[in-house]
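Here the structure comes first, spelled out in structure tokens, and everything after it is commentary.
Nothing in this text is a laboratory measurement; each read-out follows from the coordinates by a stated rule. Since the model is a prediction, treat every value here as computed from it, not as a measurement. Methodologically, a virtual Cβ is constructed for each residue, glycine included, from the backbone with ideal geometry; neighbour enumeration extends over all protein chains shown.
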Amino acid sequence: MSGLSSIAVTDSYPVTRGPTAADQALAQLRRIQRHSLSINRAAPATGMSTINSQQASVLAALNVKKPAVDAQMSLL
């Protein structure tokens, strides 16, 4: 049994190592950013980073609409 006799096997909760699927999904969604830019005191231009296919898949799986720049964001 070459050393296997010293390993204890239990039926308790499995040990997870590394990021979970939820962690990975949230990491993808954190990359979506809203931007506001003003040059020479002009009215600010607002926008949002491009949503890639992985982020779109996460949003679809969660049944959540893609974020959009709205009028309320320009007030911030």
Tally the residues that are in a loop (DSSP other than H, G, I, E, B) and under 18 Å from the mean Cα position of the chain (by Cα), restricting the search to segment 33-68.
-> 12
Could you grab the pairs with beta carbons closer than 6 Å, sequence gap of 6+ or different chains, first residue in segment 54-67 and farther than 16 Å from ALA21 by Cβ, second one part of a loop (DSSP other than H, G, I, E, B) and not charged (D, E, K, R)?
-> LYS66/ILE51
